[in-house]
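In what follows, a single structure is set out as structure tokens and then discussed.
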Amino acid sequence: ILSHPDILFILIDSIKASHLGCYGYGRNTTPNIDRFAKAECVRFETVIPGGSWTVPAVMTLFTSLPADEHRRVLPDLPHDADAVTLAETLRAAGYATVGITANAMVNRRFGYGKGFDLWDDYSATLPPDAGMEKIAAGYGKGMLMTRLGLNRLKRRDPDRPLFLFLFYMDPHWDFYPPPPYDMKFAKPGGSPIRNAWLLPAEKATSEVRRRTIDAYDGEIAYCDAAISNLLASVASTPRGRDTIVVIAGDHGESFWERGFSGHGNYLYDQELKVPLMIRVPKNRGLKPGSVVKGQVGGIDLAPTLLDLAGVPVPPSWKGRSLVPAMERGVSDGRPVVTETRVRDKLWQRAVRTDRWKVIAIDDFTKPVEAYDLVADPGETNNLVRADAPLPKEAQDLVPHLKPNEK
């Protein structure tokens, strides 16, 4: 009998929570994930990652640190190579640790492979020096990722628990799903548009937006089908039936709501809110199909997995286990800090609670934007203005904006 359960961590790039059926989407994009969430998982209602694009968000998932502390924020900036990772903590507890990524930005040379016995960043990607325009179109598709993952599951060490991390790149742009998913939600003649994400807002007509979202949803449906094969294989073995399974997104996606498409542009909810569901060991007494209300952070996932696996949490981590929230059905409402430094190297940071969000750019002593997310979920009414002070609850969040840079 293994001392700890296996852990399968499935991360999906660029997937918006609002485009999954189990999060209320009107299209049937994720029938398999929806079924799995209802039958096997605890699902989280509102999940905010450590950044609005992959580089900071994934390192926050791995280190349970905010981006200003792990500092993996841009490919050409050094990060904290001493930050303790989820993989090295599990390896120290006796796990075999395997990571396979289809995203060339999450490469070993950027520190993501730390703690993994095997970090495979070449089977499903082009070389990282191929250039972003080629990498965007050259990543391994979901069915390849599933085959690579199944191969690792079949080769599990019978004497060691396995931590397997799989990073699916669909539905990252370019949105060009394989047949028949390319036309699953499209009208006749409405095939996907190449490089649509590069179009400025003035060229993104309603037709362009519709076809782009149709293709994006097709990518999600394709990824859902690929993941279903993996989940079916896990469920078919006695060891697999006790496996902790995570399905999560790294960040969201925008479709010109604020003038840009894609991600990493800003810190509005379109680019932040991601899905998260966790299949928990049956002996924890948590109810499958239940939903945790309220906001949690991507920073909290690693300590949650260690808690469920019975492994002590490193003292340097800043996140908290979500197991108490899973037992209560509601989060503790802690503020979550998130940031991006992509577009023109502009450094933006935001602090979000269930009700409030404050955003700062460059000068983190005062916000440039603030929103009441309950009264204004679309974030259209900026409360930072000369003629009125911020509500006290929003003002109290401002100290969280200051980065803790070493």
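In the calculated pair distance distribution of the chain, what percentage of Cα-Cα distances lie above 27 Å? Walk me through the numbers before you get to the answer.
On the way: 39024 of 82215 pairs.
Result: 47 percent of Cα pairs exceed 27 Å.
If you average the C-alpha positions of segment 309-357 and of segment 44-82 separately, how far apart do those two centres end up, in angstrom?
The distance from the Cα centre of segment 309-357 to that of segment 44-82 comes to 11 Å.
Name the aspartates and glutamates eligible as straight-distance cross-link partners of K114: C-alpha to C-alpha under 15 Å, and not fewer than 8 places from it in the same chain.
Hits, sequence-local ones excluded: D80, D82, E88.
Can you list the DSSP H helices in the chain whose Cα atoms extend at least 15 Å along the helix axis and whose mean Kyte-Doolittle hydropathy is -0.5 or higher?
Working: long enough: 142-154 (18 Å, 0.08); 206-235 (43 Å, 0.07).
Within the chain the helices that satisfy the rule are 142-154, 206-235.
What's the ranking of 359-369, 142-152 by average number of surrounding C-beta atoms within 10 Å, highest first? Before the final figure, lay out each step's value.
On the way: 359-369: 16.1, 142-152: 19.1.
Sorting 359-369, 142-152 by mean packing, highest first, produces 142-152, 359-369.
Using the beta-carbon distance between T237 and D76 and R0 = 51 Å, what value does 1/(1 + (r/R0)^6) give for FRET efficiency, to the nearest 0.05? Could the numbers behind the result be given before it?
Details: r = 44 Å, r/R0 = 0.85.
Plugging the Cβ-Cβ distance into 1/(1 + (r/R0)^6) gives 0.70.
Would you please state which residues of segment 94-110 a label at R147 would reach in this model, taking the label point 7 Å out along Cα→Cβ and a backbone N cut-off of under 16 Å?
From segment 94-110, the list is 101-102.
So what's the net charge close to D224: Lys and Arg +1, Asp and Glu -1, counting the other residues with Cβ under 12 Å from its Cβ? Write down the numbers at each step before the final one.
On the way: positive: R27, R35, K184; negative: D34, D170, D217, E219.
Neighbour charge sum, excluding D224 itself: -1.
Need the list of lysines near K203 for cross-linking: C-alpha distance under 19 angstrom, and skip anything on the same chain fewer than eight residues off.
none
Please report how many Lys pairs in segment 278-402 have alpha carbons closer than 15 angstrom, counting only residues at least 8 apart along the chain or sitting on separate chains. List each step's numbers first, then the result.
Working: K357/K366; K357/K392; K357/K402; K366/K392; K366/K402.
Lysine pairs meeting the criterion: 5.
Using each residue's phi in segment 276-289, evaluate 6.51 cos²θ - 1.76 cosθ + 1.60 at θ = phi - 60° and report the 3J(HN,Hα) Karplus result to the nearest Hz, with x for Gly and Pro.
In residue order, the calculated couplings are 8, 9, 10, 8, 9, x, 4, 6, 7, x, 8, 7, x, x Hz.
Can you tell me which of G26, G264, G240 moves the most in a GNM of the chain? Springs connect C-alpha atoms under 10 Å apart.
Highest fluctuation of the listed residues: G26.
When you take every Cα atom in segment 256-338, what is the radius of gyration, and what is Dmax, the widest Cα pair distance, in Å?
Cα only, segment 256-338: 15.1, 48 Å (Rg, Dmax).
Please work out the average accessible area per residue across the chain, using the 1.4 Å probe convention, and give it in Å². Show your work: numbers first, answer last.
Values: 16160 Å² over 406 residues.
Accessible surface, normalised per residue, equals 40 Å².
Only Cα pairs under 8 Å and at least 6 apart count here; give the relative contact order of segment 21-124 as a rounded whole percent. Can you show the working numbers first?
On the way: 126 pairs, mean separation 17.9, N = 104.
Once normalised by length, the contact order is 17 percent.
Let me check I've understood the local charge: for A92, count other residues with C-beta under 14 angstrom from its C-beta, Lys and Arg +1, Asp and Glu -1. What total comes out? Working shown, then result.
Numbers: positive: R91, K114, R160; negative: E88, D117.
Counting the neighbours of A92, the net charge comes to +1.
Taking amide hydrogens as modeled 1.01 Å from N in the peptide plane, which residues meet the under 5 Å criterion relative to G297, leaving out close sequence neighbours?
Placed amide hydrogens put I48 under 5 Å from G297.
What value in Å³ per residue do you get for the convex hull of the alpha-carbon atoms in segment 252-406?
141 Å³
Could you sort 179-188, 103-112, 213-222, 58-67 so that the peptide with the highest average Cβ count within 10 Å comes first and the rest follow in order?
Numbers: 179-188: 15.4, 103-112: 20.3, 213-222: 25.3, 58-67: 27.5.
Highest to lowest by the protection proxy: 58-67, 213-222, 103-112, 179-188.
Which value in deg cm²/dmol, rounded to the nearest 500, describes the helix-derived mean residue ellipticity at 222 nm for the chain, given -39,500 (n - 2.57) per DSSP H run of n ≥ 4 and division by the residue count?
Working: 11 runs with 104 residues, N = 406.
So the calculated ellipticity at 222 nm is -7500 deg cm²/dmol.
Among 18-24, 274-280, how do they line up by average Cβ neighbours within 10 Å per residue, starting with the highest?
Details: 18-24: 19.0, 274-280: 24.7.
Packing order, densest peptide first, comes out as 274-280, 18-24.
Simple spin-label model, 7 Å along Cα-to-Cβ: S316 to R27 in nm?
4.2 nm
Give me the one-decimal nm value for the distance between modelled label points at D376 and A388, 7 Å along each residue's Cα-to-Cβ direction.
So the two model labels end up 0.8 nm from each other.
Do you know the relative contact order of the chain, to the nearest whole percent, from alpha carbon pairs under 8 angstrom that are 6+ apart? Intermediate results must be reported in sequence, preceding the final value.
Numbers: 917 pairs, mean separation 97.5, N = 406.
It comes to 24 percent, rounded to a whole number.
List, in order, the whole-Hz ³J(HN,Hα) value for each residue of segment 4-11 obtained from phi through the Karplus relation with A = 6.51, B = -1.76, C = 1.60 and θ = phi - 60°; use x for Gly and Pro.
Per-residue couplings from phi come out as 9, x, 5, 10, 10, 10, 9, 10 Hz.
The values are calculated or read from the model by the stated rules, or taken from the named source; none is laboratory data. None of these values were measured; they are calculated from a predicted model. Glycine gets a Cβ as well: all are built from the backbone with ideal geometry, and neighbour counts include every protein chain shown. Each accessible area value is taken on the protein alone, full model and side chains, heavy atoms only, with ligands, DNA and RNA left out. Shrake-Rupley method; radii C 1.70, N 1.55, O 1.52, S 1.80 Å.
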